[in-house]
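What follows is one structure encoded as structure tokens, with my remarks underneath.
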Amino acid sequence: MTALAQISEAEPPVVTRVVFGEADRRARTYVKDLCKGAGLALREDPVGNTFARWTGSDPSLPPVGTGSHIDAIPNAGSFDGTVGVLGGLEAIRALQRAGYRPRHSVELVIFTSEEPTRFGIGCLGSRMMGKVLSVSDALALRDKQDRGLDELRTSAGFCGDLDLVAIEAGYFHKFVELHIEQGPLFEQEGIDLGLVTHIAAPASLQIEIEGEGGHAGARLMPGRKDALVTAAELILALESAARSTGAVDTVATVGVCEVFPGAVNSIPSRVRLETDIRDIDAARRDGVLESLQRSCAEVARRRGMSIATKLVNADPPATCDAGILAAMEASARDAGATHKSMVSRAYHDSLFVARIAPVAMLFIPCRGGVSHRPDEYASPRWISTGVAVLARTLAELAA
Ligand SMILES: [Zn+2]
């Protein structure tokens, strides 16, 4: 972990590894060399997703997958993603040392660009793998220097037809991702491991409200078309729609509210809202989304406003596989590790792998819940417990 953390665009211990940048490429080489050292067979797809396979005794069976990402946002730490990559490799090496021979192959995956830093979209590699992002949409992505995905991936040495990144359902027998919690609960509760039963996913609706501006004094209340007052109604409507599901897992947020012209003595003529609605149940989340869209239509009609909506994304949440969860729970018990079931409120590559394979995630604590910061920390004991339970789980699933 320490050696990988030295490979950074910033001065260590600050970790910055933006996908296809110089540090990302060096980090890939470092991890691939470790995989070769463990006798794993390497393959890279046209977007740079990397597969390192420990061939099982029956190579015709679909592999059991594990893995995560090694890219890191600017000014990050050394554990997000890397625990799942180096931990996955260490789990394989531990099984090799123990003389275990899997029947299914075990495949370590290093996903390209889990972080949205360069292209503004998270989980690029796994999205394409799970066919959630089409090749034409991927080719339209550009970074802040206006360089496209095609130019950047080829300059990083990844070529070939991007259509080949998509993987068919059935490719993986099962997939497990080890990751840090990125929240404070386990450390506070003294829990070694979280067994992730669901991965929540966001839907994001952009709302543009167009009314009529005017002088805040001269224009009297009757007949006003105030875009911000309209926005206020919609914000409250979203809150009430999210509350009305009665489920703790339904959450809705309006995180952006841009007001035009934004002057104290001017009636707001235009407002842009960005909303984020999350749940572990797709139908329930989409119900809140539809209710918000109905409110937009109703409020627009009643107030005589023009309201345009644009669905930015609506990723499906994932329900984790009962078989993997049972294997993880038995492994945790065997290892004497305290554990609890939980929902992952943030999303990870596994959310998109879930489109093509049964998945689950295993979380380890991180100090103070701190993540995406240089002082992100997971203790050697937390990591080794996670790796030991991952190894037992992979052994069970690959048997
Ligand atoms: Zn991560």
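Nothing in this text is a laboratory measurement; each read-out follows from the coordinates by a stated rule. Just so it is clear, the model here is predicted, and its values are computed rather than measured. Positions of Cβ are generated from backbone atoms using ideal geometry, with glycine treated the same way; all protein chains shown enter the neighbour counts.
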GNM flexibility winner over the chain from LEU193, LEU362, LEU95 (Cα, springs under 10 Å) = LEU95
ask   = By how many nm would the segment from VAL312 to GLN6 lengthen if fully extended, with 0.36 nm per residue of separation less the alpha-carbon distance?
value = 106.5 nm
message = Using a Debye calculation, one point per C-alpha and no hydration shell, please list log10 I(q)/I(0) for the stretch 190-324 at q = 0.12, 0.17 Å⁻¹ in order.
response = -0.54, -0.87
note = Long-range amide H partners of LEU178, meaning residues 5 or more apart or on another chain whose placed amide H is closer than 5 Å, are GLY67, LEU362
key: Antiparallel bridge percentage (DSSP; both residues within the stretch 48-121; nearest 5)   = 45
ask   = Does anything in the stretch 251-285 have its amide N under 14 Å from the 7 Å Cα→Cβ label point of HIS215, and if so which residues?
value = 265-267
ask   = So which residue, out of LYS131, LYS225, LYS174, gets the largest mean-square fluctuation from a GNM of the chain using Cα contacts under 10 Å as springs?
value = LYS225
Residues VAL248, VAL256, VAL132, sorted so that the one with the fewest Cβ neighbours within 10 Å comes first = VAL248, VAL256, VAL132
query = Where the only charges are on Cβ atoms (+1 Lys, Arg; -1 Asp, Glu), what is the dipole of the chain about its Cα centre, to the nearest 20 debye?
reply = 140
ask   = In sequence order, what are the phi-derived ³J(HN,Hα) couplings for the stretch 330-338 according to the Karplus relation 6.51 cos²θ - 1.76 cosθ + 1.60 with θ = phi - 60°, rounded to whole Hz, with x for glycine and proline?
value = 5, 5, 5, 5, 4, 7, x, 9, 6
note = If one builds a Gaussian network model of the chain from Cα atoms under 10 Å apart, the most fluctuating residue listed among VAL264, VAL106, VAL176 is VAL264
ask   = Rg/Rh for the stretch 119-192: what does it come to with C-alpha atoms and Rh from Kirkwood?
value = 1.13
ask   = Fewest to most neighbouring Cβ within 10 Å: what's the order for MET342, MET1?
value = MET1, MET342
remark   = Taking N as the number of residues in the stretch 218-296, the ratio of its alpha carbon radius of gyration to 2.2 N^0.38 Å works out to 1.29
query = Which value, in debye to the nearest 20, gives the size of the charge dipole of the stretch 1-94 about its Cα centre, when Lys and Arg are +1 and Asp and Glu are -1 at the Cβ?
reply = 280
message = Taking 0.36 nm per residue of sequence separation and subtracting the Cα-Cα distance, how much length would be gained by fully extending the chain between LYS340 and GLU189, in nm to one decimal?
response = 53.3 nm
inquiry  = If you average 1/r across every pair of different Cα atoms in the chain and take the reciprocal, what Kirkwood value do you get, in Å?
reply    = 22.6
All-pairs alpha carbon distance profile, the stretch 268-367, 10 Å steps from 0, percent = 12, 32, 25, 16, 11, 4, 1
query = Label points 7 Å out from Cα along the Cβ direction at HIS372 and ARG243: separation in nm?
reply = 2.8
query = Straight-line reach from LYS174: which aspartates and glutamates have Cα under 12 Å away, leaving out those fewer than 8 places along the same chain?
reply = GLU107, ASP321, GLU396
inquiry  = Per residue of the stretch 35-41, what does 6.51 cos²θ - 1.76 cosθ + 1.60 with θ = phi - 60° give for ³J(HN,Hα)? Whole Hz please, x for Gly and Pro, Karplus curve as stated.
reply    = 5, 4, x, 8, x, 8, 8
key: Residue order, fewest to most surrounding Cβ atoms within 10 angstrom, among GLU274, GLU376, GLU258   = GLU258, GLU274, GLU376
note = Quick calc, ARG381 & ARG333: beta-carbon distance into FRET formula, R0 30 Å, rounding 0.05, result 0.95
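Tell me the net charge near VAL312. Cut-off is 11 Å between Cβ atoms, VAL312 excluded, with +1 for each Lys or Arg and -1 for each Asp or Glu.
Details: positive: LYS310; negative: GLU274, ASP276, ASP315.
That works out to -2.
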ask   = If you project the alpha carbons of the stretch 277-324 onto their three principal axes, what span does each projection cover, largest first, in Å?
value = 54, 17, 10
key: Span from the the stretch 1-17 Cα centroid across to the the stretch 73-98 one, whole angstrom   = 15
request  = Please list 312-321, 155-164, 389-398, 329-338 highest first by mean number of surrounding beta-carbon atoms within 10 Å per residue.
outcome  = 389-398, 312-321, 329-338, 155-164
